[in-house]
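Working notes, beginning with the structure itself.
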Amino acid sequence: MSSPDRPQQSTDLTVTAAAAAAAPHQPRTELAVSPTERFATRTAGMTASEIRALFAVASRPEVVSLAGGMPNLAALPLQSLSSEVADLVTQDGLMALQYGSAQGVPVLREQICDVMREEGIEGDPNDVVVTVGSQMALDLLTRIFIDPGDVVLAEGPSYVGALGSFAAYQARVVHVAMDEHGLVPERLTEALRSLAAQGITPKFLYTIPNFHNPAGVTLAVERRPRILDICRDFGVMVIEDNPYGLLGFTGEVYPALRSIDADVIYLGSFSKTFASGLRVGWALVPPLVRDRLVLAAESATLCPPSFTQMLVSRYLAHHDWRSQVKTFTENYRERRDAMLAALETHLPEGCSWNVPDGGFFVWLTVPEGVDTKAMLPRAVTARVAYASGTGFYADGFGSRQLRLSFCYPTPERITEGVRRLAAVLEAELDVVRTFGTSARTELTRGPQSPSPDTT
Ligand SMILES: Cc1ncc(COP(=O)(O)O)c(C=O)c1O
């Protein structure tokens, strides 16, 4: 029987298509399946960051955002970059606007080796794989190494984007503690022994040795070979993620783990030393890993964009990029100093934080009873935003911590933001003193997807 709501059955495809185009779209309710019921199991681990949920409010101009890890690009020479873009199109447009090699533009891979030499790495351009930001390298490496249930070691806390990729591929993250000198070798040994007792060898250690995101700490130089020896003894690969290594405030550049051990997989990025919007990062991998990684890259994007790679290449060739990095770090140091001074002046008793020597972040611990995730909506209402600590752990820890970014707002805005945060904390502490805890909302735990407001 035909229904007035449904197009007539027809074997004539032209007629059916024409009728479908003419008729308004009618959902076939008796066959309809919600696409959400078709999601792969692994997507269950994908959740939005809480600051993203508050984004509409948090991005209002009156809110001081200390949440995001956005580099401050105001110091870039935009005028000369625009001539560089024009020259790229007029001189090399037919290459820059075309598909390219899945591994990346060869001349850029050579220049990347020059950049890595700053941190003592002698890399071969043939072992460099250019990616769409180092985030893509992280995702691809997780894709090629992780089966569901595999164990990954990572500092606790760790980078939210890495935790998001690990969750997406259903890895089990075991966090290893840090102190003010970075990852603690004894804790690493303990974790590996305990896993070995269960018959488990982690697939890799994921570590951010310099100016850690979110913890702000740097791995002590004397710990570096020890960490590598421990991993070697237990047969564990190391992935070193180093987007901030050249952004030190003291002028000291630390030796990369990859400079000590050629088996380390090294991730780098132009996001913090040049321009994050170009999305150019890379992995330096042992030859045995390279071919599989290139295949994975090919299936993800065919090739990284030729245009942005060639622009980065021109920038490195024609501009004094080292002095640009110095300018960036001077700006960041000024902002770091403003944040530290404001924390010292305004924060209530019982808060503690680290003093980062580079990078973008201060990691703050608040007094017992205050829950930073529950407090976030109240902070945003008070016109200040931060990234609460739980997003940086895979296992629900971090409710007494929060990350403050000093990279983007001006020193004056940072001071004002910290003053507002201090007032919110004071109010929370009043509640704690009265009721024992400040948490008023049921919390969901676990890693969250990265976003520009939490990276
Ligand atoms: C530790 C860490 N790794 C990787 C990334 C991703 O950077 P990219 O912009 O190169 O994808 C970030 C970005 O904030 C980061 O902090």
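Taking Leu66, is it crowded, with 23+ Cβ neighbours inside 10 Å and in contact (Cβ under 8 Å) with a residue 24 or more places away in the chain? Taking the combined requirement at face value, the residue satisfies it. Has segment 126-133 got any residue that is surrounded by fewer than 16 Cβ atoms within 10 Å (Cβ to Cβ), small (Gly, Ala, Ser) and in contact (Cβ under 8 Å) with a residue 40 or more places away in the chain? No: zero hits.
Per the listing Ala215, Ala220, the residue uniquely away from the ligand (no atom under 16 Å from the Cβ) and of a type in the set (A, V, I, L, M) is Ala220.
Note on segment 87-198: enclosed strands (runs of 3 or more DSSP E) holding 1 or more residues that are closer than 30 Å to Phe397 by Cα and not hydroxyl-bearing (Ser, Thr, Tyr) are 151-156, 172-179. All told, Gly251 meets the bar of being outside the structural domain of Ala338 (by TED's automatic domain parsing) and at pLDDT below 95.
Among the residues of segment 410-437, not one is touching a Lys or Arg at 6+ places or on another chain (Cβ under 9 Å), modelled with pLDDT under 95 and assigned to a loop (DSSP other than H, G, I, E, B). Taken together, Gly417, Gly359, Gly350, Gly396 contain a single residue that is of a type outside the set (Asp, Glu) and within 16 Å of the ligand (Cβ to nearest atom), which is Gly359. Filtering Ser34, Ser49, Ser2 for residues that are at pLDDT below 90 and over 44 Å from the mean Cα position of the chain (by Cα) leaves a single hit, Ser2. On the stretch given as segment 145-181, residues that are within 16 Å of the ligand (Cβ to nearest atom) and under 18 Å from the mean Cα position of the chain (by Cα) total 19. Here's a check for you: in segment 55-86, which residue that is in contact with a His (Cβ under 9 Å, 6 or more places away or on another chain) and not hydrophobic (A, V, I, L, M, F, W, C) is nearest to Phe274 (Cα to Cα)? Here the answer is Pro77. Among residues that are more than 30 Å from Ala167 (Cα to Cα), exposed (fewer than 15 other Cβ atoms within 10 Å of the Cβ) and in contact with a Leu (Cβ under 8 Å, 6 or more places away or on another chain), Glu118 is included.
Every residue, every condition in (1) crowded, with 19+ Cβ neighbours inside 10 Å; (2) under 22 Å from the mean Cα position of the chain (by Cα); (3) under 29 Å from Gly216 (Cβ atoms); (4) of a type in the set (D, E, K, R), yes or no:
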| site | (1), (2), (3), (4) |
| --- | --- |
| Gly245 | yes, yes, yes, no |
| Thr250 | no, no, yes, no |
| Tyr254 | yes, yes, yes, no |
| Arg258 | yes, yes, yes, yes |
| Asp263 | no, no, yes, yes |
| Leu288 | no, no, no, no |
| Met310 | yes, no, no, no |
| Tyr315 | yes, no, yes, no |
| Asn331 | no, yes, yes, no |
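When Asp430, Asp371, Asp395 are checked against the criterion of being of a type in the set (Asp, Glu) and within 30 Å of Gly245 (Cβ to Cβ), Asp395 stands alone in meeting it. Only one of the listed residues (Leu88, Leu141, Leu76, Leu81) is within 16 Å of the ligand (Cβ to nearest atom) and in contact with a Leu (Cβ under 9 Å, 6 or more places away or on another chain). That residue is Leu141. On the given criteria, is Val280 surrounded by 22 or more Cβ atoms within 10 Å (Cβ to Cβ), within 18 Å of Arg322 (Cβ to Cβ) and either in the same structural domain as Leu153 (by TED's automatic domain parsing) or within 17 Å of the chain's Cα centre (by Cα) (or both)? Against the criterion (surrounded by 22 or more Cβ atoms within 10 Å (Cβ to Cβ), within 18 Å of Arg322 (Cβ to Cβ) and either in the same structural domain as Leu153 (by TED's automatic domain parsing) or within 17 Å of the chain's Cα centre (by Cα) (or both)), Val280 qualifies.
Selection of segment 161-190 for residues being within 19 Å of Ala48 (Cα to Cα), hydrophobic (A, V, I, L, M, F, W, C) and touching a Lys or Arg at 6+ places or on another chain (Cβ under 9 Å) yields Phe166, Ala167, Ala168, Ala171. When Tyr159, Tyr169 are screened for being touching a helix residue (DSSP H, G or I) at 6+ places or on another chain (Cβ under 7 Å) and of a type outside the set (A, V, I, L, M, F, W, C), only Tyr169 passes.
Among the residues of segment 111-138, the ones that are within 16 Å of the ligand (Cβ to nearest atom) and of a type in the set (Gly, Ala, Ser) come to 3 in all.
The values are calculated or read from the model by the stated rules, or taken from the named source; none is laboratory data. Nothing here was measured: the structure is a model prediction, and the numbers come from that model. Every residue, glycine as well, gets a Cβ built from its backbone with ideal geometry; the counts of neighbours run over all protein chains shown.
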